[in-house]
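Below is one structure, written out as structure tokens; the observations come after it.
The numbers here are math on the coordinates, done by the rules we state, and not lab data. Bear in mind the structure is a predicted one, so any value in this text is a computation, not a measurement. Note: ideal-geometry Cβ built from the backbone for every residue, glycine included; neighbour counts use all protein chains shown.
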Amino acid sequence: MRKAIREDTALVTIMYANNEIGTIQPIDEIAAICNEKKVIFHTDAVQAVGHVEIDVHKQGIDMLSLSGHKIHAQKGIGVLYIRKGIAIPNLIHGGGQERGKRAGTENVPAIVGLGVAIEAATRNIAEKAAIITPRRNRLIDGLLKLPYTRLNGDRDKRLPGNLNISFEGIEGESLLLMLDLNGICASSGSACTSGSLDPSHVLLSIGLKHEIAHGSLRLSIEEDVTDEDVDYILEVVPKVVERLREMSPVWEKMMKGEQYQ
Ligand SMILES: *Cc1c(COP(=O)(O)O)cnc(C)c1O
């Protein structure tokens, strides 16, 4: 990143935590480099808020975005934090609302709701993580017992409740349908691309082959997902994966040692 910053670089923006594989970036170090190079540092912290401790002042974060509906507030409300002294152009002109940045009457109920949601989400981050992380690890360990299966993203430097696993030889979309029939809500990537059959760009950019990226499952758990729920997931997912592999021509070829493509 140090090398990528040029004379004319105005802003560095990096996700705090990835929405698909949960990887948490070294935000403090990135902020320190930006600070040293006098470049503004913005982070998309949508996935991180309420899951990891964030302190914009201590961490040297100049700008930060977050979205309400990811922490149980309404859709359509979010926050852009801008450190005092940073001048950015107005988004919507014509009124003095939101310091002139975004003219138009404010949506007060949504704003108040987001305030309450943030308070609730950030109240006991450490306690929540202490409950969620062991459950998440149990899911990871249980699912990795299946052969030809890999965990995507770092095992430790990831959001407490995020799990992203690739199962070779199957299609993520069929896996999702079968899990849904069994009462398990999951995703194969991000909501923004759920209508598309292209494999996740995140998984491709961490080096997965197309056919492996296609067979990926993302599960997100919060503290209300109980140990019993974890047992249930560990019972259902392997069965469904095995069933799909039995029906998969790709898997058959793989097992015969043929090249699959
Ligand atoms: C969901 C999400 C967004 C988009 O927020 P919306 O309010 O849903 O548009 C942006 N960045 C990340 C990392 C997200 O997870």
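Just a few scattered comments:
- Put simply, of 169, 142 the only residue that is away from the ligand (no atom under 16 Å from the Cβ), in contact with a Gly (Cβ under 7 Å, 6 or more places away or on another chain) and within 27 Å of residue 233 (Cα to Cα) is 169.
- One residue stands out in segment 73-87 among those that are surrounded by 14 or more Cβ atoms within 10 Å (Cβ to Cβ) and more than 13 Å from the ligand (Cβ to nearest atom): the one that is farthest from the chain's Cα centre (by Cα), namely 83.
- Of all the listed residues (56, 46, 39), the sole one being β-branched (Val, Ile, Thr), free of Cβ contacts under 8 Å to residues at least 40 places away in the same chain and within 15 Å of the ligand (Cβ to nearest atom) is 46.
- When residue 13 is tested against (1) within 16 Å of the ligand (Cβ to nearest atom); (2) in a helix (DSSP H, G or I), exactly one condition is not met: (2).
- Checked against the criterion of being surrounded by fewer than 15 Cβ atoms within 10 Å (Cβ to Cβ), within 16 Å of the ligand (Cβ to nearest atom) and in a loop (DSSP other than H, G, I, E, B), segment 88-111 contains one or more residues that satisfy it.
- Every condition in (1) in contact (Cβ under 8 Å) with a residue 60 or more places away in the chain; (2) buried (at least 20 other Cβ atoms within 10 Å of the Cβ); (3) closer than 16 Å to residue 121 by Cα holds for residue 18 except the one numbered (3).
- Those residues of segment 200-226 which are closer than 10 Å to residue 166 by Cβ, surrounded by fewer than 22 Cβ atoms within 10 Å (Cβ to Cβ) and touching a strand residue (DSSP E or B) at 6+ places or on another chain (Cβ under 9 Å), in sequence order: 208, 212
- Single residue of 146, 139 found to be surrounded by 15 or more Cβ atoms within 10 Å (Cβ to Cβ) and part of a loop (DSSP other than H, G, I, E, B): 146
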